[in-house]
1. Which condition from (1) part of a helix (DSSP H, G or I); (2) open to solvent by 30 Å² or more (accessible area, probe 1.4 Å); (3) within 19 Å of A25 (Cα to Cα); (4) in contact (Cβ under 8 Å) with a residue 40 or more places away in the chain is the one that N111 breaks?
2. Residues in the range 44-86 that are part of a loop (DSSP other than H, G, I, E, B) and not aromatic (F, W, Y): how many?
3. Is at least one residue of the range 7-20 at pLDDT below 95, open to solvent by less than 20 Å² (accessible area, probe 1.4 Å), closer than 17 Å to G113 by Cβ and part of a loop (DSSP other than H, G, I, E, B)?
4. Quick one: is I63 free of Cβ contacts under 8 Å to residues at least 40 places away in the same chain and more than 23 Å from V164 (Cα to Cα)?
5. Residues of the range 33-47 being open to solvent by 10 Å² or more (accessible area, probe 1.4 Å) and within 14 Å of the chain's Cα centre (by Cα), which ones?
6. Take the conditions within 16 Å of the chain's Cα centre (by Cα), surrounded by 24 or more Cβ atoms within 10 Å (Cβ to Cβ) and within 17 Å of S118 (Cβ to Cβ) and apply them to L94. Does it pass?
7. Among residues belonging to the range 77-91 that are touching a helix residue (DSSP H, G or I) at 6+ places or on another chain (Cβ under 9 Å) and open to solvent by 70 Å² or more (accessible area, probe 1.4 Å), point out the one that is farthest from G113 (Cα to Cα).
8. Only one of these is part of a helix (DSSP H, G or I), touching a His at 6+ places or on another chain (Cβ under 8 Å) and not small (G, A, S): L101, L94. Name it.
Amino acid sequence: MAIIQKVTFLGYADAKEQDDPFLAAFETAKLCAQKGYTIVNGAGPGVMKASTLGAHEGGGRAIGITFYPKDIPMFEGRDETNPVDELIVEDNYLSRTLRLLETGHIHIIFNGGTGTISEFGMAWGLARLYFGHHKPLILFGDFWQEIIFAFTKGMYIRPEEREVFKIVNKPQQVIEALKYFDEIFEKRAHNHKEPLFSI
């Protein structure tokens with residue numbers, strides 16, 4: 001059995017059906033579902049909805065993780081047109097983000113806004129902290145090249161922090177990256193008590 005089974009999709013909540021992030025997330029989730037992966041998303045609109053629809057198109061299922069906000073007017077919230085198969089409700093934005101990262105074994109991050117930036121930062125930081133037992137990132141889109149270059153030029157980025165992600169620009173490349181990371185973890189597999197965010 002593959003170590004990577006659940007794939008978290010993160011990205012732009014305001015993406016419409018004709019937008020590149022929506023289309024990319026849909027096609028990627030469809031391929032993932034066809035390969036037997038379960039999709040995890042934030043149960044909202046945009047990339048989240050696209051990944052659920054793609055999962056269903058590929059014959060798979062989607063888990064949605066949300067919360068019902070109070071006094072957070074800019075949070076997109078639960079999108080009832082995102083037909084997730086299982087809904088998990090957390091208490092607040094932080095616990096919802098942590099649950100998204102905890103539930104998926106790997107994270108695909110599409111273009112997005114500040115919410116996506118915060119999720120990327122937390123996922124990347126956790127991957128460094130748990131390096132060797134970490135959850136990898138798949139960064140979808142060529143624009144990530146410039147972002148990572150800016151980080152490595154201006155920030156103190158350790159060598160291992162560059163090993164926890166792959167940058168891709170096509171849905172099929174996501175499948176190849178999933179296989180690549182799964183093979184790495186198969187080789188590293190050994191028995192011990194795993195930390196919260198390990199595979």
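The values are calculated or read from the model by the stated rules, or taken from the named source; none is laboratory data. Keep in mind that what you see is a predicted model, and the values were worked out from it rather than measured. Here the Cβ positions follow ideal geometry from the backbone for every residue, glycine too, while neighbour counts run over all protein chains shown. What goes into the accessible areas is simple: the full protein's heavy atoms, side chains included, and nothing from ligands, DNA or RNA. Shrake-Rupley method; radii C 1.70, N 1.55, O 1.52, S 1.80 Å.
1. Condition not satisfied by N111: (1).
2. 23
3. No, there is no match, as no residue in the range 7-20 is at pLDDT below 95, open to solvent by less than 20 Å² (accessible area, probe 1.4 Å), closer than 17 Å to G113 by Cβ and part of a loop (DSSP other than H, G, I, E, B).
4. no
5. Selection gives Y37, T38.
6. no
7. Restricting to residues being touching a helix residue (DSSP H, G or I) at 6+ places or on another chain (Cβ under 9 Å) and open to solvent by 70 Å² or more (accessible area, probe 1.4 Å), the top hit is D85.
8. When all the criteria are applied, what remains is L101.
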